[in-house]
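Report on one structure; see the data block that follows.
What follows is calculated from the coordinates using simple rules that are stated; it is not laboratory data. Source: prediction; values computed, not measured. Neighbour counts run over all protein chains shown; Cβ positions are idealised from the backbone, glycine included.
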Amino acid sequence: MAKIKLTKNEQKKQKDSLKQFTRYLPTLQLKKQQLQTVIRQSHAEIEELKVKQKEAVDGMKSWIAVYGENSSWSEDRSISHLVKVKEVKKTKGNIAGV
């Protein structure tokens, strides 16, 4: 921690800083809560999408077994090469004024 000078000017500076921090702290805490809410919503959405993905994969397991055992298919036509991510969508937004 920084050493504080014991002068009147330093005391006024510290009081002004305290006044400013006291004024803006509730706003900063609210923004923090809003950001945490968005993060929790994002994690919940990710978990939901993982569940949907698992259900889709479980639904295709029987077909994957059929194609996986077929030796007449070339290596470039294997399941790992046939299923690919088409696109990833990202957006930027203003959350809590940040």
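Taking a sphere under 15 Å around the Cβ of Asp58 and counting the other residues whose Cβ falls inside, with K and R at +1 and D and E at -1, yields a net charge of +3. Only lysines eight or more places from Lys54 in sequence, or on another chain, were considered; those with a Cα closer than 30 Å are Lys84, Lys86, Lys89, Lys90, Lys92.
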